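The values are calculated or read from the model by the stated rules, or taken from the named source; none is laboratory data. Predicted model only: the values in this text are computed from it and were never measured. FYI the Cβ positions are ideal-geometry reconstructions off the backbone, even for glycines, and counts take in every protein chain you see. Quick note on the areas: whole protein, heavy atoms, side chains included, nothing else; ligands and nucleic acids left out. Shrake-Rupley method; radii C 1.70, N 1.55, O 1.52, S 1.80 Å.
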Amino acid sequence: MTRPMRVYVDGITGRLLVVMDTSRRAYAWVYYALHTFNFPLFLSFTTLRTVVVLVLLLIGLTFSGTGVVLGFQKLRRSFAR
């Protein structure tokens, strides 16, 4: 039994771009949705998408800043000995 495949062809050149089975399509959707935040809900509410992305960026910045502060404190303590 063969799995259903989707074949994507360049409309101008006729070159084969990619062949995807169902698992690859699911992986591609999850990957691109998480990295671009192009979820169906966010596509219709761009302000909501912007707010969510900014909040997540601020959370990441906070964690990064905390790591830098803790790292400097540890380095300072190790050099003080």
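Here are the numbers:
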| read-out | value |
| --- | --- |
| Mean residue ellipticity (222 nm) of the chain, computed from DSSP H runs ≥ 4 via -39,500 (n - 2.57), nearest 500 | -23000 deg cm²/dmol |
| Nearest-ten-degree value, helix 22-36 long axis tilted from longest Cα axis of the chain | 40 |
| Relative contact order for the chain, counting Cα pairs under 8 Å that sit 6 or more residues apart, in percent | 14 |
| Using alpha-carbon coordinates, inclination of helix 46-80 to the longest axis of the chain, degrees | 40 |
| Sparse-neighbour loop sites [chymotrypsin sites (Phe, Trp or Tyr not before Pro); the range 9-75; at most 13 other C-beta within 10 Å; DSSP] | F45 |
| Residues of the range 25-55 with amide N under 17 Å of a point placed 7 Å along Cα→Cβ from T66 | 55 |
| Per residue accessible area in Å² of the chain, where ligands, DNA and RNA are left out and the probe is 1.4 Å | 89 |
| Inverse of mean 1/r across different Cα pairs in the chain, Kirkwood, Å | 17.2 |
| Computed FRET value (nearest 0.05) for F45 with R25, which takes r as the C-beta separation and R₀ as 25 Å | 0.50 |
| I12-L75 pseudo-label distance in nm [points 7 Å out on the Cα-to-Cβ vector] | 4.9 |
